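This structure is in C-alpha cells; I'll ask about it shortly.
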Amino acid sequence: MLRSRSGKAQHNSAGADPSQRWPPITGQSVAAVVRSACQQPMLHGLRSAKAGGSPDAGVVIACDDLWVNPTVVIVDDHPGFRSQARALLEAEGFDVVGEADDGVSALAAVNRLRPRVVLLDIQLPDIDGFEVAERLARAGDPPAVVLVSTRGVSAYRRRLARSSARGFISKSELSGNALAALVS
C-alpha cells in the first residue's frame, strides 16, 4: 500500500499520478528522498518520487533491495554449524539460499545463487576463507563477505586488516544483529 498526501492508503497502480501519492520534496537530498520513499509500506518493488524543481524529478526508485530479506550463503565444513547458523539467521529475517562445505563449492554456489551476503568460515578443507573472500571480491558485483571462526578476532587481526571481507564474527557471537551491522 502507498500513502497519499492525505495519508489515506491506496494501492500502487502503474497509471496513477505520482504527484498524488507523494508530497513535493523540498530541501532534501536525493539520498534522503530514497531513504524516505523506501521506508514506506509497499506492494511492489518500485516507487516514484517527485522532487520539486530537481533534475531527478519523477525518477523511479528501486526499493527491492531494502525490502527483501537479505539473501545469504553459509560456507562451513561442519554441517552442525551450517544448520545452527541457518536456523538462527532465518529466525532473524535472513533468507538462507544455499550452503557450501568448502571453498570451491562456495565459489560455485555464490556464482549460481548471487546472494547479498556470504557467511564464510576461515578454516576450510581446500581454500581458506581469506582466499575465497579475495576471489569473490574480484568478481563483478561481489556479495558482502563476513568471515567466521571458532577462534577469536585476535588470531586473525593482521589478515583481517588486509582482507576484502566486511568483517569478522566469532561463531559463538553469531546473531542476525551482528551480521546485519556488518552488511548494512
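Mind checking whether some residue in the stretch 151-158 is under 14 Å from Thr71 (Cβ atoms) and modelled with pLDDT of 95 or more?
no
I've got another one for you. Quick check: is even one residue across the stretch 154-173 assigned to a loop (DSSP other than H, G, I, E, B), acidic (Asp, Glu) and assigned by TED's automatic domain parsing to the domain that holds Phe81?
Within the stretch 154-173, the first condition is being assigned to a loop (DSSP other than H, G, I, E, B), and the residues that meet it are 156, 163-166.
Of the ones still in play, those that are also acidic (Asp, Glu) are none.
For the stretch 154-173, residues assigned to a loop (DSSP other than H, G, I, E, B), acidic (Asp, Glu) and assigned by TED's automatic domain parsing to the domain that holds Phe81: absent.
Please verify whether Ser163 is surrounded by 13 or more Cβ atoms within 10 Å (Cβ to Cβ), free of Cβ contacts under 8 Å to residues at least 24 places away in the same chain and among the polar types (S, T, N, Q), treating the condition exactly as stated. Write out each step before concluding.
Values: surrounded by 13 or more Cβ atoms within 10 Å (Cβ to Cβ): yes; free of Cβ contacts under 8 Å to residues at least 24 places away in the same chain: no; among the polar types (S, T, N, Q): yes.
No: the conditions fail for Ser163.
If I ask for residues that are surrounded by fewer than 16 Cβ atoms within 10 Å (Cβ to Cβ) and not β-branched (Val, Ile, Thr), which ones from the stretch 145-158 would you list? It would help to see each step written out before you state the result.
Looking only at the stretch 145-158, we keep the residues that are surrounded by fewer than 16 Cβ atoms within 10 Å (Cβ to Cβ), and these are 150-155, 157-158.
Across the stretch 145-158, the qualifying residues are Arg151, Gly152, Ser154, Ala155, Arg157, Arg158.
Can you tell me which of Ala133, Ala139, Ala109, Ala144 is assigned by TED's automatic domain parsing to the domain that holds Pro79, under 18 Å from the mean Cα position of the chain (by Cα), at pLDDT below 95 and at negative phi? Talk me through it step by step, then tell me what you get.
Numbers: Ala133 fails: at pLDDT below 95; Ala109 fails: at pLDDT below 95; Ala144 fails: at pLDDT below 95.
Going through Ala133, Ala139, Ala109, Ala144 in turn, just one is assigned by TED's automatic domain parsing to the domain that holds Pro79, under 18 Å from the mean Cα position of the chain (by Cα), at pLDDT below 95 and at negative phi: Ala139.
I've got another one for you. Among the residues of the stretch 129-144, which ones are outside any helix (DSSP H, G or I) and surrounded by fewer than 17 Cβ atoms within 10 Å (Cβ to Cβ)? If you could, list the steps in order and put the result at the bottom.
Going residue by residue through the stretch 129-144, those that are outside any helix (DSSP H, G or I) are 139-144.
Correct list: Ala139, Gly140, Asp141, Pro142.
Which ones in the stretch 77-125 are β-branched (Val, Ile, Thr) and either under 20 Å from Ala178 (Cα atoms) or in a loop (DSSP other than H, G, I, E, B) (or both)?
At the first step, the residues of the stretch 77-125 found to be β-branched (Val, Ile, Thr) are 96-97, 104, 110, 117-118, 122.
Within the stretch 77-125, Val96, Val97, Val117, Val118, Ile122 qualify.
The values are calculated or read from the model by the stated rules, or taken from the named source; none is laboratory data. Keep in mind it's a predicted model, so treat the numbers as computed, not measured. Here the Cβ is made from the backbone with ideal geometry for all residues, glycine too, and neighbour counts use every protein chain on show.
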